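Trainee: Please read through the structure below; I'll follow up with questions.
Derivation of every value follows stated rules applied to the coordinates shown; laboratory data play no part. No experiment lies behind these values; they were computed from the predicted model shown. Backbone-built Cβ (ideal geometry, glycine too); neighbour counts: all protein chains shown.
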Amino acid sequence: MSVPVELQVEPAGISARLSSWRLLMNNRLAAAGLVALVLIGMAMLLVPVLPLADPDVTAPADRLKPVLAAGHPLGTDQLGRDMLSRLLWGARVSVAVGFAATLIAAVIGSAIGLVAGYAGGRTDNLMMRGIDMLMAFPYILLALAIVAALGPGLMNALYAIAVVNIPFFARNVRGVTLGLARREFVDAARLSGKGHLAVLATEVLPNVLPVIVITMSTTAGWMILETAGLSFLGLGAQPPQADLGSMLGEGRAQLFTAPHVSIVPGLMIFLLVISLNVLGDGIRDVLDPRLRSGALARPGPVTDIAADRGSFEPGARGSALSIRNLETGFLSAGGFVPAVRSVSLDLAPGECLGLIGESGSGKSVTALSVMGLVASPPGFIRDGAIYLGDEDVLAMSQTRLIASRGSRVAYIFQDPLTSLHPMYPIGRQVEEAIGAHQRMGRGERREKAVALLEKVGIPDARDRAAHYPHQLSGGQRQRVGIAMALANDPDIIIADEPTTALDVTVQARILELLRDLQRERNLALLFITHDFGVVAEICDRVAVMRDGEIVETGPTGKVLASPQHAYTRRLIACVPELGLGDTFLDRIEHLFKQPKAEAQT
Ligand code: ADP
Ligand code: MG
């Protein structure tokens, strides 16, 4: 598809990695965290070779030297030991224990979560009740109890912290696995003969891995803190060994006379934990593709529109909808990638215009642009004008635009199961659509919803209104979608592949319903599809779209009888005819063997 020139330079893998890296570095906090961690990490790695004093050698004569004393840049503690040396050696211990605990908790917790989520049923129940038992105790108390049982010491503190953190990983991973284990691609892998272990390792684990990494990166700082906490209480590192927590604990007695003894390790803990946390957040944002595009960080109810658009007059007089020279695309790291280029369309009142093209040709982006529904970021309308009557939508105020959605232009989407709310009865959803634009009492609204459901052919509409989307068939769900679109008597309905998810007989009935409603209410219908059979069925005119551009428009009969563009001919050839049998495939094959440039779609 349309790839900006800048992006074509590098192979996909490298550029994806590069852009992840760039995204992480764009996040200033995460970058600062990374820099701090790298510096601390290097210092800790170099400790053994640095010319530092022995951290455990006491020198009673040099007790409590202040910061910047000769030979002791960070001063000395109550036993005259060099603070800098103890700090670096101590941080090394704390970080090592924190990371080791994270790793142990992640491995065991994720394994439990994977198995429980994948197996389900009794196994799941047993494992999760075990985890619940761990979670039933305040976890620092549990850690204390474990150390008390095992005896104080650094290793035992490590085990205790790992154990109390297992539930976080197990719970998180189980939740994600549960969702994945029933998905079709996992079923497909099972059907292909893979064993459970192989399915877990090759299908489920890669999908769960980001969650594990994110949980690890966000809990590592926490675990360092917990290790320090146990050491602070005297249950972790034992004297004379230094770790950040025990240093803090020892400094407590001199908090007022020599504050540096506790402030120095305290600052180090703070720095470590905060850098780990901001870096963890940054990694999470980069790994989650939705956060990455900025969609969740700044969900835009309105598509961003360029200020310096050209001025375009509406097309034919009296059009219900007139799109002029529309250019919509997506902003990415590599720049603006247009998905739709110089698209112009006119839709008269009471007319059905088919917008046809293969998947990815830009039909949905065009349709969503009309009401500013392309999510920004990354969506961006760079040029063009969209007239509803004689009002330019792209110049409308946000409130006016939102008020026009549903009341002047309504949408019907492809997949009625995902566009309906799974937790509300359908009647209530239609009522909500009515309530969005019309003030009326509850009873009246309910009556209107039932009437609409009847209108679109839901049998026993009054009883059915209390049903949930999952209790309806695909065709009935799409009828509910149509009822919601009709709720506020819009002038224009944009139907984006409304029958693609349905089987042919249901499709025929939905098309019939749409056509009848359209005629009866003099609706302008923009009907998006990839199927010329459907266009022939209900559209007066058709516009053929390819790679974001309209390549041909005209009355349906004329385009069908004498298509001008090779692409149109191919789309028409893709409609099977009864009784054609094998020759149909031959015909398609022949058409797709056209010149190279033509075939690369
Ligand atoms: P269709 O004709 O099948 O409805 P679309 O209009 O959905 O196609 O998509 C047109 C092009 O826009 C595709 O190349 C698609 O990859 C791109 N596109 C759609 N949504 C996004 C998005 N959120 N970010 C980046 N590109 C997108
Ligand atoms: Mg689409």
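Trainee: Let me know the Rg and Dmax you get for the range 135-252 when you use only its Cα atoms, in Å.
Mentor: Answer for the range 135-252, Rg first and Dmax second: 19.3, 63 Å.
Trainee: Roughly speaking, what is the centre-to-centre gap between the range 125-142 and the range 185-233 when only Cα atoms are used, to the nearest Å?
Mentor: 19 Å
Trainee: Starting with the fewest neighbours, write out 216, 135, 155, 545 ranked by other beta-carbon atoms found within 10 Å of each beta-carbon.
Mentor: 155, 135, 216, 545
Trainee: What is the distance, in nm, between label points placed 7 Å from the Cα along the Cα-to-Cβ direction at residue 561 and at residue 21?
Mentor: About 6.2 nm separates the two model spin labels.
Trainee: Follow-up. Would you mind ranking 391, 313 by Cβ crowding within 10 Å, fewest neighbours first? Let's see the in-between values first.
Mentor: Working: 391 13, 313 9.
Fewest to most other Cβ atoms nearby, the residues stand as 313, 391.
Trainee: Antiparallel DSSP bridges in the chain: what percent, to the nearest 5?
Mentor: Around 55 percent of the beta bridges assigned by DSSP in the chain are antiparallel ones.
Trainee: If you average the C-alpha positions of the range 482-526 and of the range 52-113 separately, how far apart do those two centres end up, in angstrom?
Mentor: Centre-to-centre distance over Cα atoms comes out at 71 Å.
Trainee: Taking the chain as the reference, fit the longest principal axis to its C-alpha atoms, fit the long axis of helix 205-232 to the helix C-alpha atoms, and give the angle between the two in degrees, 0 to 90, nearest 10.
Mentor: Tilt relative to the chain: about 30 degrees.
Trainee: Starting at the first residue of the range 42-52, write each ³J(HN,Hα) from the Karplus equation 6.51 cos²θ - 1.76 cosθ + 1.60 with θ = phi - 60°, in whole Hz, x for Gly and Pro.
Mentor: 5, 4, 5, 5, 7, 3, x, 9, 6, x, 9
Trainee: If you don't mind, there's one more thing I want to ask. If neighbour count is taken as other Cβ atoms inside 10 Å, put 222, 21, 89 in order from fewest to most.
Mentor: Working: 222 19, 21 11, 89 22.
If I rank by nearby Cβ atoms, fewest first, I get 21, 222, 89.
Trainee: Work out which trypsin sites (Lys or Arg not before Pro) in the chain are exposed loop sites (DSSP not H, G, I, E or B, at most 13 other Cβ within 10 Å) and give the longest gap free of them.
Mentor: Between the exposed loop sites, the longest stretch runs 1-181.
Trainee: Is the C-alpha gyration tensor of the range 365-467 telling us rounded, prolate or oblate? Criteria: a/c under 1.5 is rounded; beyond that, a/b larger than b/c is prolate, otherwise oblate.
Mentor: prolate
Trainee: Also, quick follow-up: Which one, 98, 173, 162, is farthest towards the positive end of the dipole of the range 20-293 when Lys and Arg carry +1 and Asp and Glu -1 on their Cβ?
Mentor: Projecting each Cα onto the dipole axis, the largest value belongs to 173.
Trainee: Any idea which of 539, 425, 111 is furthest toward the positive side of the dipole for the chain, if Lys and Arg beta-carbons carry +1 and Asp and Glu beta-carbons -1?
Mentor: With unit charges placed on the Cβ atoms, the residue in question is 111.
Trainee: Another question, then. For the chain, build the convex hull from the C-alpha positions and give me its volume per residue in Å³.
Mentor: Per-residue hull volume (Cα only) is 237 Å³.
Trainee: Name the aspartates and glutamates eligible as straight-distance cross-link partners of residue 194: C-alpha to C-alpha under 17 Å, and not fewer than 8 places from it in the same chain.
Mentor: Straight-line reach from residue 194, under 17 Å: 184, 203.
Trainee: Could I ask something else about it? I'd like to know which of 574, 147, 366 lies farthest towards the positive end of the charge dipole of the chain, counting +1 on Cβ of Lys and Arg and -1 on Cβ of Asp and Glu.
Mentor: Of the candidates, 147 comes out farthest on the positive side.
Trainee: Please report, in debye to the nearest 20, how large the charge dipole of the chain is about its Cα centre when each Lys and Arg carries +1 at its beta carbon and each Asp and Glu carries -1 there.
Mentor: My answer is approximately 900 debye.
Trainee: I would also like to ask the following. Explain nothing, just the number: dipole magnitude of the range 20-293 about its Cα centre with +1 on each Lys and Arg Cβ and -1 on each Asp and Glu Cβ, in debye rounded to the nearest 20.
Mentor: Working: 19 positive and 16 negative charges, 130 e Å.
For this selection, approximately 620 debye.
Trainee: Still on this structure, I have one more. If I stretch the segment between residue 391 and residue 137 completely, what's the gain in nm (0.36 nm per residue apart, minus their alpha carbon distance), one decimal?
Mentor: So the chain would gain 85.1 nm between residue 391 and residue 137.
Trainee: Return, for the Cα atoms of the range 20-293, the radius of gyration and Dmax in Å, separated by a comma.
Mentor: 21.9, 76
Trainee: With n ≥ 4 as the cut-off for DSSP H runs, can you work out [θ] at 222 nm for the chain, using -39500 (n - 2.57) per run divided by the number of residues, rounded to the nearest 500?
Mentor: So the helix-based figure for the chain works out to -17000 deg cm²/dmol.
Trainee: Roughly how tilted is helix 83-119, in degrees to the nearest 10 and between 0 and 90, from the longest Cα axis of the chain?
Mentor: Here the helix axis deviates by roughly 40 degrees.
Trainee: R0 = 22 Å: FRET efficiency of residue 67 with residue 42, Cβ-based, nearest 0.05? List each step's numbers first, then the result.
Mentor: On the way: r = 22 Å, r/R0 = 1.01.
With a Förster radius of 22 Å, E is 0.50.
Trainee: Another question about this same structure. Give me the angle, in degrees from 0 to 90, between the Cα long axis of helix 582-592 and the longest principal axis of the Cα atoms of the chain, rounded to the nearest 10.
Mentor: Here the helix axis deviates by roughly 70 degrees.
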